[in-house]
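The values are calculated or read from the model by the stated rules, or taken from the named source; none is laboratory data. Everything numeric here is computed off the predicted structure, so don't read it as measured data. Note: ideal-geometry Cβ built from the backbone for every residue, glycine included; neighbour counts use all protein chains shown. When the accessible area is computed, the model is the full protein with side chains, heavy atoms only, and any ligands, DNA or RNA have been set aside. Shrake-Rupley method; radii C 1.70, N 1.55, O 1.52, S 1.80 Å.
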Amino acid sequence: MAIDETLIERTVHLLDRARYLNLATARDGAPWVATLEYAWFAAPLHFVFGSSTGARHSGDLRADPRVSGSLYVTEGAAGVAVASVDGAQFTGRCTEIGPERLAAYHAPFYETVFPDAGQRARWQLPPELLRGAAPHRLYRVDVERWWLIDTRHWEEDRIDRRIELSLDDGTLARLSARARVRAVSP
């Protein structure tokens, strides 16, 4: 099946421009959403975020690694035209990045979240504060399914729909070719 390049372009635009992702977790039937800064990686598509081990979503993830989430961009602020808003939703599984993979993700994550070297120096946690008894971790969300807002049909009939972008090898290769952050081997 041919891949619609506009869906790839929109996905990369969203992944590069959205500052935060919303991550939904649940425990004992109680849902929770956390807004998190992230770095994205392709092939396979995954996100990395940092969080306290005591945060509600971190506890939820220890109980059940299944997640869903969303991210969006607008080209302005209040009063933005609908045509300038774009977004995506995803489902996946989230796990803590263990000490054996921490070195591979530490620098790319902090360089993405804090591109300014001065800010990074101020806010970056050293690796020793992200493992063992330390109260923070990096987490990895492996994206299993990805949907974009169906902007074409909204223009025609004002019915809110989604378009699923298959995360097959061809799509992942195209995302990887456009990724700002180089892939970290699994």
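Structure notes:
- Protein accessible area in region 1-135, 1.4 Å probe - carbon and sulfur %: 56
- Taking the longest Cα principal axis of the chain as reference, the axis of helix 5-17 is set at about 40 degrees.
- Charge context of LEU7, other residues only, Cβ under 12 angstrom, K/R +1, D/E -1: -2
- Selection from PHE41, TRP147, LEU167, by position along the positive dipole direction of the chain (Cβ): PHE41
- Counting only alpha carbon atoms, the long axis of helix 169-178 and the longest principal axis of the chain meet at about 80°.
- Computed from the C-beta positions of ASP160 and ARG131, the FRET efficiency with R₀ = 45 Å rounds to 0.60.
- Separation of region 23-45 from region 125-184 is 10 Å, based on Cα centroids.
- Accessible solvent surface per residue of region 1-129, calculated while the other protein chains remain in place, 1.4 angstrom probe, Å²: 50
- Our helix-only sum for the chain, with -39,500 (n - 2.57) per DSSP H run of n ≥ 4 divided by its residues, gives a mean residue ellipticity at 222 nm of -9500 deg cm²/dmol.
- Scaling against 2.2 N^0.38 Å puts the C-alpha radius of gyration of the chain at 1.06.
- Each Cα pair under 8 Å and six or more residues apart adds its separation to the average, and for region 19-136 the resulting relative contact order is 24 percent.
- ALA107-ALA63 pseudo-label distance in nm [points 7 Å out on the Cα-to-Cβ vector]: 3.9
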